[in-house]
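The next block holds one structure in the form of structure tokens; read it before the comments.
The values are calculated or read from the model by the stated rules, or taken from the named source; none is laboratory data. It should be emphasised that the depicted structure is a prediction, and the values quoted were computed from it without experimental measurement. Methodologically, a virtual Cβ is constructed for each residue, glycine included, from the backbone with ideal geometry; neighbour enumeration extends over all protein chains shown.
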Amino acid sequence: MRNKVTLIGRVGNEPEIKTFDGNKKLARVSVATNETYRNKQGEKVTETTWHNVIAWGPLAERLSKYAQKGTELALEGKLVNNNYTDKEGVKRYTTEIQMTEMLLLGGK
């Protein structure tokens with residue numbers, strides 16, 4: 001078994017870029033995926049799920065250069081779990097998708 005995620009969705013915000021020592025870049029973006037189904041009453045329902053996505057290095061640069069809010073993209077990566085302690089001393093947990101591949105599918 002492998003830790004692998006594949007998504008097709010739309011970029012929800014302009015990519016945020018951070019540059020670290022050695023000029024290494026990190027990009028953060030949210031990606032929305034939609035699932036449509038019919039409920040018990042036969043009504044069409046669309047549920048949107050937001051995913052936090054990060055990319056490193058050259059992939060981060062490409063993401064920041066070509067992906068804008070609303071851009072449809074296909075991505076592949078892996079789930080990364082992190083934790084931190086907030087200002088009130090409460091331990092918080094986050095899950096992100098660390099992108100390893102990206103394919104731009106179109107504009108807005």
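A few remarks follow.
- Residue in the range 80-99 that is in contact with a Pro (Cβ under 7 Å, 6 or more places away or on another chain) and polar (S, T, N, Q) present: no
- Test: Thr6 is farther than 20 Å from Asn81 by Cβ and assigned to a strand (DSSP E or B): no
- Selection from the range 47-64 of residues that are at pLDDT below 95 and of a type in the set (S, T, N, Q): Ser64
- Inside the range 71-83, residues that are of a type in the set (D, E, K, R) and either in contact with a Ser or Thr (Cβ under 7 Å, 6 or more places away or on another chain) or loosely packed, with under 14 Cβ neighbours inside 10 Å (or both) make up a count of 2.
- Those residues of the range 56-101 which are out of contact with any strand residue (DSSP E or B) (no Cβ under 7 Å at 6 or more places or on another chain) and of a type in the set (Gly, Ala, Ser), in sequence order: Gly89
- Residue ID - nearest to Asn23 (Cα to Cα), chosen from residues in the range 35-70 that are exposed (fewer than 12 other Cβ atoms within 10 Å of the Cβ) and of a type in the set (D, E, K, R): Lys65
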